[in-house]
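Values quoted throughout were computed directly from the atomic coordinates according to the rules given, and no laboratory measurement underlies them. Predicted, not measured: the structure shown is a model, and the values here were computed from it. Counting neighbours? That spans all protein chains shown, and the Cβs are built from the backbone with ideal geometry, glycine included.
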Amino acid sequence: MTDEIVSRVIGCIAATQKLPANKVSLDSSFEDLGIDSLDGVNILFALETEFNISIPDQGVLTMKSVREVVEALEKVLPAGGSAPHADGAAPA
């Protein structure tokens, strides 16, 4: 699990939910963060934009934690575990 992916996922979730990034951790559950299914869809869109990928809607509906999101992304990202940012810039 790369720190870059974890950081970007946490950043997306925090921004989408208007939470301080330090309140979101790899071990946070969606329930802990007050994330419902509609919020999950919004997070899905944010992650698709952030990583410039397409994520099947059904996959997100089964995810219940930040760790599950990161693990799922690692499966769909290109080899090497990183994807360009939405603005086309290389990951930092």
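Points worth noting:
- Extension gain (nm, one decimal) between T2 and N22, 0.36 nm per residue minus Cα-Cα: 5.4 nm
- Near the amide H of S65, within less than 5 Å, lie the amide hydrogens of F30, all on another chain or at least 5 residues away, with H placed in the peptide plane.
- Each residue of the stretch 35-51 was assigned a 3J(HN,Hα) from its phi angle through the Karplus curve 6.51 cos²θ - 1.76 cosθ + 1.60 (θ = phi - 60°); the sequence is 8, 9, 5, 5, 4, x, 5, 5, 5, 3, 4, 5, 5, 4, 5, 4, 9 Hz, with glycine and proline shown as x.
- Working value for the stretch 3-76: equivalent-ellipsoid semi-axes of 16, 14, 12 Å, each the square root of 5 times a Cα gyration tensor eigenvalue, largest first.
- Each Lys and Arg adds +1 at its Cβ and each Asp and Glu adds -1 at its Cβ; summed about the Cα centre, the stretch 3-76 shows a dipole of about 120 debye.
- Neighbour-count ranking [beta-carbon atoms within 10 angstrom, fewest first] of L47, L38: L38, L47
- With θ taken as phi - 60° and the Karplus curve 6.51 cos²θ - 1.76 cosθ + 1.60 applied, the whole-hertz 3J(HN,Hα) list for the stretch 3-20 is 4, 5, 5, 4, 4, 5, 5, 4, x, 5, 5, 4, 5, 5, 8, 6, 10, x Hz, x standing for glycine and proline.
- Extension gain for V41-T62 works out to 6.4 nm (0.36 nm per residue, less the C-alpha to C-alpha distance).
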